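The block underneath contains the structure these notes are about, expressed in structure tokens.
The values are calculated or read from the model by the stated rules, or taken from the named source; none is laboratory data. Computed from a predicted model, the values in this text were never measured in an experiment. Every residue, glycine as well, gets a Cβ built from its backbone with ideal geometry; the counts of neighbours run over all protein chains shown.
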Amino acid sequence: MEAEAFDLETYLAEAAARVNRALRDYLPCDPGRPDRLVAAMSHSLMAGGKRIRPILCMAAAEAVGGRAEEALPAACAFEMVHTYSLIHDDLPAMDDDDLRRGRPTCHVAFDEATAILAGDALMALAFEVIAAAPGAPPERRLEAVRILAAASGASGMAQGQMRDIQSEGIRLTLDQLKAMHALKTGAMIEAALVCGAVVAGAAPEPIERLKGYGRAVGLAFQVTDDILNVEGDASLLGKSVGTDELREKNCFPVLLGLEKSKEFAENLIQDAVSAIAGFDRKADPLRAIARYVVRRNR
Ligand code: IPE
Ligand code: IPE
Ligand code: MG
Ligand code: MG
């Protein structure tokens, strides 16, 4: 029998709305007192990102037989760390961008010191949220904290960012570029999936498969980001285009050309879908998201 078509658009919209509500509730607020730091956190966090990491986190929980709801705190924590990384990524000392998520970047809307602190505070809030997640057994929360910390630090995102900055104007080999992207973007995406499964109490074997899926999707996500930086539409993306070339960044279109980069991303999606071939229909959202990652225009 023909499988029923999965409605990805509705799934993504509903999941993002759920994440947005939870994120808003997690932001500290004191109605009696305007708080510049929280305003800056909110400016970047509540600006309408795609929420792909939290959505993957919840989809992984569902794929292993759990509920999206139980992964929601961990999912939000990933979005907070991701948003912090974007705020810092846009700073003059890094990519020096003035547009993000369709708004002026945090340091433009506020100032550099406030943007740095908003990033710091979002990262701290992320760990507080996971540690305090209601319902999840303490050992799962602890493991989730460890996974997020590892993915965001010197063996993950921060290391990838370091390499990105260090290699501006220097041509990397294809293997070096893949390794950099895997750290910069892949680590957080892979970890979001693993965390969702861990919080839902998954066994080691499905977690290994999800890692394989996450490695492929994570790399494909950044390859697509590179492609969109060349031929994307800034008004849809909510950020500037053409900046990688301007800053002599190492990116796939420069090393492989646009067509080969697209082929490479498509092949990665095949790898991702194969990695979770043994999963049942509950993994259909993950299958559909994998395809979306390379076909997106924002
Ligand atoms: C942009 O991430 C930066 C990368 C790591 C490629 P997203 O494309 O997920 O950005 P948002 O969260 O939707 O704004
Ligand atoms: C951002 O990478 C990656 C992180 C924030 C970790 P890029 O600098 O390539 O992404 P954009 O194009 O600014 O979103
Ligand atoms: Mg960057
Ligand atoms: Mg950037």
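Go through (1) hydrophobic (A, V, I, L, M, F, W, C); (2) buried (at least 19 other Cβ atoms within 10 Å of the Cβ); (3) within 16 Å of ligand 3 (Cβ to nearest atom); (4) more than 22 Å from Phe221 (Cβ to Cβ) for Ala136 and report which single condition fails.
(3)
If you check every pair at least six apart or on different chains, which have Cβ atoms under 6 Å apart with a residue in the stretch 72-97 that is closer than 16 Å to Arg141 by Cβ first and a residue that is charged (D, E, K, R) and in a loop (DSSP other than H, G, I, E, B) second?
none
Within 22 Å of Ser274 (Cα to Cα) and either among the basic types (Lys, Arg) or part of a helix (DSSP H, G or I) (or both) - does that describe any residue in the stretch 227-249?
no
With respect to Gly153, is the statement that it is closer than 27 Å to Leu72 by Cβ, within 16 Å of the chain's Cα centre (by Cα) and either surrounded by 14 or more Cβ atoms within 10 Å (Cβ to Cβ) or of a type in the set (Val, Ile, Thr) (or both) true?
Taking the combined requirement at face value, the residue does not satisfy it.
Of the residues Phe221, Phe279, which single one is of a type outside the set (A, V, I, L, M), touching a residue at least 60 places away in the same chain (Cβ under 8 Å) and not in a helix (DSSP H, G or I)?
Checking each option against the conditions leaves just Phe279.
Testing Val81 on (1) within 16 Å of ligand 3 (Cβ to nearest atom); (2) within 21 Å of Asn229 (Cα to Cα), one condition comes back false. Which one is that?
Here Val81 clears every test but (2).
Is the stretch 67-87 home to any residue that is exposed (fewer than 15 other Cβ atoms within 10 Å of the Cβ) and not polar (S, T, N, Q)?
Yes, the stretch 67-87 contains at least one residue that is exposed (fewer than 15 other Cβ atoms within 10 Å of the Cβ) and not polar (S, T, N, Q).
Taking the stretch 41-95, which residues are within 23 Å of Phe279 (Cα to Cα) and within 16 Å of ligand 2 (Cβ to nearest atom)?
Hits for the stretch 41-95 are Ile52, Arg53, Pro54, Leu56.
For the stretch 211-221, indicate whether the set of residues that are more than 18 Å from the chain's Cα centre (by Cα) and either at pLDDT below 95 or buried (at least 17 other Cβ atoms within 10 Å of the Cβ) (or both) is non-empty.
No, the conditions are met nowhere in the stretch 211-221.
Pull up the stretch 96-110, narrow it to residues that are crowded, with 22+ Cβ neighbours inside 10 Å and within 11 Å of ligand 4 (Cβ to nearest atom), then point me to the one that is farthest from the chain's Cα centre (by Cα).
Across the stretch 96-110, the extreme among qualifying residues is Thr105.
Residue by residue, here is whether (1) under 13 Å from the mean Cα position of the chain (by Cα); (2) within 16 Å of ligand 4 (Cβ to nearest atom) holds:
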position: Leu12; (1), (2): no, no
position: Pro31; (1), (2): no, no
position: Ala39; (1), (2): no, no
position: Arg51; (1), (2): yes, no
position: Ala75; (1), (2): yes, no
position: Phe78; (1), (2): yes, no
position: Asp90; (1), (2): no, yes
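Mind checking whether some residue in the stretch 183-196 is surrounded by fewer than 22 Cβ atoms within 10 Å (Cβ to Cβ) and on the phi < 0 side of the Ramachandran plot?
no
Condition first: of a type in the set (A, V, I, L, M) and under 27 Å from Glu14 (Cα atoms). Now tell me which residues in the stretch 69-117 satisfy that.
Ala71, Leu72, Ala74, Ala75, Ala77, Met80, Val81, Leu86, Ile87, Leu99 - these are the residues of the stretch 69-117 that are of a type in the set (A, V, I, L, M) and under 27 Å from Glu14 (Cα atoms).
Taking the stretch 111-122, which residues are surrounded by 21 or more Cβ atoms within 10 Å (Cβ to Cβ) and more than 16 Å from ligand 3 (Cβ to nearest atom)?
Listed by number, the residues that qualify are Ala118, Leu122.
Does any residue of the stretch 268-276 turn out to be within 20 Å of Arg163 (Cβ to Cβ) and hydroxyl-bearing (Ser, Thr, Tyr)?
The answer is no, given that none of the residues of the stretch 268-276 is within 20 Å of Arg163 (Cβ to Cβ) and hydroxyl-bearing (Ser, Thr, Tyr).
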